[in-house]
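Just below is one structure, and these are the notes that go with it.
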Amino acid sequence: MKEKMMAVLFASGNESKLNELTIHRTTASLPFGGRYRLIDFTLSNLVNSGVTRIGIITRSNYSSLMDHIRMGRDWDLNRKNGGIAVFPPFVLNTSREVYKGKIDALYTVLEYINRSPADYVIVSNCNIAANIDFTDVLEKHQKTGADVTVLCHTGSVTSSRRLVITKDKAGKIGDLCFMENSNPEQKLIGLNIYLIGKELLVSYVQEAFARGLVDFEKDILFKEVAGGKIFAYEVKGSAAIVDDVKTYYNESMKLLTSEARAELFEKESKIYTKVKDSIPTTYGSNCVVKNSLIADGCQINGTVENSILFRNVKIKEGAVVKDSIIMEDGTISENATLAYAITDKSVTLSAGRQMAGFSTYPIVVVKNKVI
Amino acid sequence: MLTKKECVAMLLAGGQGTRLGALTENVAKPAVPFGGKYRIIDFTLSNTINSGIDTIGVLTQYQPFELNQYIGNGQPWDLDRLDGGAFVLPPYQKAKSGEWYKGTANAIYQNIDFIDRYKAEYVLILSGDHIYKMNYAKMLSAHKAKKASCTIAVLDVPLENASRFGIMNTKPNGTIYEFEEKPKNPKSTKASMGIYIFTWEKLKKFLIEDEKNKESSNDFGKNIIPNMLNAGELMMSFDFRGYWKDVGTISSLWEANMDILDSQSGINLADRDWKIYARNAAEPPHFIGDFAQIKNSIISEGCNINGTVVNSVIFTGVDVERGAFIKDSIVMPNSKILRGAELNHSIVGWGATVGEGARVGEALSQAVNGEWDIATVGPEVEVKPGEKVKAGAMFTGGK
């Protein structure tokens, strides 16, 4: 069977707004949902849709990403044909500086795109946690005769800049614009995932690059809207866009609802991640756990409410954790209390310490810190 | 040309495991789920790779499909090697003959060519139905140092239990002078763990001789070991200290799972230097709801827990609804325990459903003659709402 689609992913983006969470890593390798990294959702969606030729463009701090992906085996992407290709910055001899935008980034991998036997390219950021069937996206793309299909979902503009879409009944996009001000009104929001014919993408990128343009949305999509062949594809169900600390916290906490978990995890298409061979989680005799998502390898002897625990977290006797996210290898010691916090990997809260943020302003504790 | 391998492991995984009833009706015993996210065979496979032995033949016969699929290319155990790795070896048709594995020794006899291909000097014989952690490399060093023909791992068992095992009678230096299968009046408490290292050249000779004897049951314990002893070969015992359990019965399978909950039992799965590997199920983290109460239990990925779970082992992808009560029980993958159902001292097989208000098993205070009266619900069976499954029963829903 001929490969129909390939994918090019951008591992970086919005690192500055994710503050301490992305000091050591790309947005793509940001831990999310108890045992995943953000990129797992995109990779799994692609693999589940039969897309197995995936290039990942990195910008900086990509060692955590390389360590996570390795040869791609955990997503069944260790292939003879296709599989994963990671592009560090400076792939071209001619590139003297790290790319500024998606256009010059794509320009550096044009040869990779051209060489692929696929006719369509999925261009995507890695900060989306959703369960998307790209075979359906392609079907709609072909049916509408679109040049570009823009994936979107219904949501509101919160704390970060979002692409807001206006479309007609047939899905044809009439207007695209960026909105930055928080507004509770429900709108169609772009997910930064696009499906484009390969040859068309190559010509867009070559032309834009020749003119020194950098922004894929502003410099290509906005201009093409007038031609009437840019269509929207609405992803039904929950789709999380993570682009700052606030959205990270809020989208994580949504996973405590059974609806969000069902949409993300309980479909036929599974979400894969790096296998770590952790043991199952152990619950002690004095633990109290309510409304929490808990990964393998934890040891829980204290109280945990409305929280997400990643792998190998230890909650000691008398410790109380509420409304928090504790990443891998975290330890909350005896009688310590934590509320509204995001603790990065291997953080230790010492015995008796107390820390609390607020629901609208969760505190972030940097990797490896001992408090 | 294949690279020479000093030691090749042969894992006997063909046992039917009839004493596990419905649990082994459609899968071989080594493929039975264990400890929340493992299969029984994961322990032996992980021990092998952790001991630095990277070539392992898995001899299957009874209900091999599940096991074949589970082992696959051996990748979860890091056994997908260019050279060596994991091989599933079912009986096969040869030019002159073709037959089932008649006994443990015959299974190895039929795969002499496999071992010869790697020019192995030593062969490690393992069985796939024990729960333990052991470094076989130490046993191999002892075997080589003593220049033995055969080294047998032994466990010191309580004298009152010794008559249930194959007992090795040894001299103070560890040399075995006599082997007694299930002796009425045991002279020693050194029980064979079914783990043997043979110098391949010797074993091969005895296997070929044994095969010629039509009366032989082609079994290591009954034939090969006694024959080697009679022939005056140097047979050594190798003392193993640590947790070891044969999970051949419902009661012992239940006990071994309960041992994981007991930090004093010695089966520490959290040891990062001796990881037990398993094929991964790609499930999300488990979710604990507002009505859950959990005490002294282990819970695996993909579960949704909203009931009470006490002293229990909950495997991958299990749903426990609000108001369900689970105590001293093990619930295998993808089972559903519905509202108001109550489990006590029971094992629920994979994919089973315990209906609303059903009761499985009874609260027991002690084992009788060493056996617990554990109630078992077979795999993919439904216990109807309100139905009762008695202590010690094997419920198959009429299947």
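The values are calculated or read from the model by the stated rules, or taken from the named source; none is laboratory data. The shown structure was predicted, so the numbers you read here are calculated from the model rather than taken from an experiment. All Cβ positions, glycine included, derive from the backbone under ideal geometry; neighbour counts span all protein chains shown.
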Checking B:PRO30 against (1) part of a helix (DSSP H, G or I); (2) within 14 Å of another protein chain (Cβ to nearest Cβ); (3) crowded, with 24+ Cβ neighbours inside 10 Å, the condition it does not meet: (2)
Of all residues in the stretch B:4-21, count the ones that are farther than 28 Å from A:THR281 by Cβ and either outside any loop (DSSP other than H, G, I, E, B) or without any contact (Cβ under 8 Å) to a residue 40 or more places away in the chain (or both). 9
Can you find even one residue in the stretch B:300-320 that is part of a loop (DSSP other than H, G, I, E, B), among the aromatic types (Phe, Trp, Tyr), surrounded by fewer than 17 Cβ atoms within 10 Å (Cβ to Cβ) and within 13 Å of chain A (Cβ to nearest Cβ)? no
Scanning for something surrounded by fewer than 21 Cβ atoms within 10 Å (Cβ to Cβ), over 24 Å from the mean Cα position of the chain (by Cα) and of a type in the set (Asp, Glu), does the stretch A:169-186 turn up at least one residue? yes
Do we find a residue being at pLDDT 90 or above, of a type in the set (Phe, Trp, Tyr) and within 30 Å of B:ILE330 (Cα to Cα) anywhere in the stretch A:270-293? yes
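Can you go through B:LYS205, B:LYS187 and tell me which one is part of a loop (DSSP other than H, G, I, E, B) and either surrounded by fewer than 18 Cβ atoms within 10 Å (Cβ to Cβ) or among the β-branched types (Val, Ile, Thr) (or both)? Spell out how you get there, then give the answer.
Numbers: B:LYS205 fails: part of a loop (DSSP other than H, G, I, E, B).
One residue alone meets the criteria, B:LYS187.
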Considering only residues of the stretch A:282-313 that are assigned to a loop (DSSP other than H, G, I, E, B) and of a type in the set (A, V, I, L, M, F, W, C), which is nearest to the other protein chains (Cβ to nearest Cβ)? A:ALA295
When you go through (1) touching a residue at least 60 places away in the same chain (Cβ under 8 Å); (2) among the charged types (D, E, K, R); (3) farther than 18 Å from B:ALA256 by Cα one by one for B:GLU371, which number turns out not to apply? (3)
Of the residues that sit in the stretch A:248-297 and are under 23 Å from A:ASP67 (Cα atoms) and acidic (Asp, Glu), which one is nearest to the chain's Cα centre (by Cα)? A:ASP296
Residues of the stretch B:47-61 being hydrophobic (A, V, I, L, M, F, W, C), farther than 9 Å from B:ALA86 by Cβ and crowded, with 24+ Cβ neighbours inside 10 Å, in sequence order, are B:LEU59
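Could you check the stretch B:270-294 and list, in sequence order, the residues that are closer than 30 Å to A:LYS322 by Cβ, free of Cβ contacts under 8 Å to residues at least 40 places away in the same chain, assigned to a loop (DSSP other than H, G, I, E, B) and more than 7 Å from every other protein chain (Cβ to nearest Cβ)?
B:ARG272, B:GLU283, B:PHE291
Is it true that some residue in the stretch A:297-305 is touching a Cys at 6+ places or on another chain (Cβ under 6 Å), closer than 23 Å to A:LEU18 by Cα, surrounded by 17 or more Cβ atoms within 10 Å (Cβ to Cβ) and of a type in the set (A, V, I, L, M)?
Pass one, the stretch A:297-305, residues touching a Cys at 6+ places or on another chain (Cβ under 6 Å): A:300-301.
Checking the rest, the ones that are also closer than 23 Å to A:LEU18 by Cα come to none.
So far as the stretch A:297-305 goes, no, none of its residues is touching a Cys at 6+ places or on another chain (Cβ under 6 Å), closer than 23 Å to A:LEU18 by Cα, surrounded by 17 or more Cβ atoms within 10 Å (Cβ to Cβ) and of a type in the set (A, V, I, L, M).
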Please state which of the following conditions B:PHE179 fails to meet, knowing it meets all the rest: (1) free of Cβ contacts under 8 Å to residues at least 12 places away in the same chain; (2) assigned to a strand (DSSP E or B). (1)
Kindly indicate whether B:ALA324 is within 13 Å of B:VAL354 (Cβ to Cβ) and either touching a residue at least 40 places away in the same chain (Cβ under 8 Å) or in contact with a Leu (Cβ under 7 Å, 6 or more places away or on another chain) (or both). yes
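Taking the stretch A:314-324 as the search range and keeping residues that are more than 12 Å from every other protein chain (Cβ to nearest Cβ) and not in a loop (DSSP other than H, G, I, E, B), which one is nearest to A:GLY352 (Cα to Cα)? Even if it seems obvious, please write down each step before you answer.
Looking only at the stretch A:314-324, we keep the residues that are more than 12 Å from every other protein chain (Cβ to nearest Cβ), and these are A:315-324.
Applying the additional criterion that residues be not in a loop (DSSP other than H, G, I, E, B) yields A:315, A:320-322.
On the way: A:ILE315: 13, A:VAL320: 10, A:VAL321: 12, A:LYS322: 15 Å.
It comes out as A:VAL320.
Might you check whether a residue that is in a helix (DSSP H, G or I), under 22 Å from the mean Cα position of the chain (by Cα) and crowded, with 18+ Cβ neighbours inside 10 Å occurs anywhere in the stretch A:135-153?
Checking the stretch A:135-153: at least one residue is in a helix (DSSP H, G or I), under 22 Å from the mean Cα position of the chain (by Cα) and crowded, with 18+ Cβ neighbours inside 10 Å.
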Residue ID - modelled with the highest pLDDT, chosen from residues in the stretch B:110-159 that are of a type in the set (Phe, Trp, Tyr) and assigned to a helix (DSSP H, G or I): B:TYR136
The lone condition A:ILE56 fails out of (1) under 23 Å from A:VAL214 (Cα atoms); (2) at pLDDT 85 or above; (3) assigned to a loop (DSSP other than H, G, I, E, B) is (3)
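Whether any residue in the stretch B:339-361 is within 23 Å of B:GLU66 (Cα to Cα), among the hydrophobic types (A, V, I, L, M, F, W, C) and within 14 Å of another protein chain (Cβ to nearest Cβ) is what I want to check. Please lay out each step first, then the result.
At the first step, the residues of the stretch B:339-361 found to be within 23 Å of B:GLU66 (Cα to Cα) are B:347-353.
With the extra rule that they be among the hydrophobic types (A, V, I, L, M, F, W, C), the set shrinks to B:347-348, B:350, B:352.
Checking the rest, the ones that are also within 14 Å of another protein chain (Cβ to nearest Cβ) come to none.
No, the stretch B:339-361 contains no residue that is within 23 Å of B:GLU66 (Cα to Cα), among the hydrophobic types (A, V, I, L, M, F, W, C) and within 14 Å of another protein chain (Cβ to nearest Cβ).
Could you look through the stretch A:81-101, keep only residues that are aromatic (Phe, Trp, Tyr) and modelled with pLDDT under 75, and pick out the one that is surrounded by the fewest Cβ atoms within 10 Å (Cβ to Cβ)?
First pass over the stretch A:81-101, keeping only residues aromatic (Phe, Trp, Tyr): A:87, A:90, A:99.
Narrowing the set further to residues that are modelled with pLDDT under 75 leaves A:90, A:99.
Working: A:PHE90: 13, A:TYR99: 21.
The extreme case among them is A:PHE90.
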If I filter the stretch B:219-232 for residues that are at pLDDT 90 or above, of a type outside the set (D, E, K, R) and in a loop (DSSP other than H, G, I, E, B), do I get at least one hit? yes
Report yes if some residue within the stretch A:63-80 is crowded, with 24+ Cβ neighbours inside 10 Å, at pLDDT 85 or above and out of contact with any helix residue (DSSP H, G or I) (no Cβ under 7 Å at 6 or more places or on another chain); otherwise report no. no
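Would you please name the residue that is nearest to B:GLY349 (Cα to Cα), looking only at residues in the stretch B:247-269 that are assigned to a helix (DSSP H, G or I) and within 14 Å of another protein chain (Cβ to nearest Cβ)?
Here is the first cut: in the stretch B:247-269, the ones assigned to a helix (DSSP H, G or I) are B:250-261.
Next, only the ones that are within 14 Å of another protein chain (Cβ to nearest Cβ) stay: B:257-261.
Values: B:ASN257: 14, B:MET258: 16, B:ASP259: 19, B:ILE260: 18, B:LEU261: 19 Å.
Looking at residues that are assigned to a helix (DSSP H, G or I) and within 14 Å of another protein chain (Cβ to nearest Cβ), I get B:ASN257.
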Would you confirm whether any residue within the stretch B:254-271 is modelled with pLDDT under 95 and hydroxyl-bearing (Ser, Thr, Tyr)? yes
Do you know which residues across the stretch A:237-266 are under 16 Å from A:THR42 (Cα atoms), away from chain B (no Cβ under 14 Å) and assigned to a loop (DSSP other than H, G, I, E, B)? A:GLY237, A:ALA239, A:VAL242, A:ASP243
Residue among B:ASP239, B:ASP246 that is touching a strand residue (DSSP E or B) at 6+ places or on another chain (Cβ under 7 Å) and surrounded by fewer than 18 Cβ atoms within 10 Å (Cβ to Cβ): B:ASP239
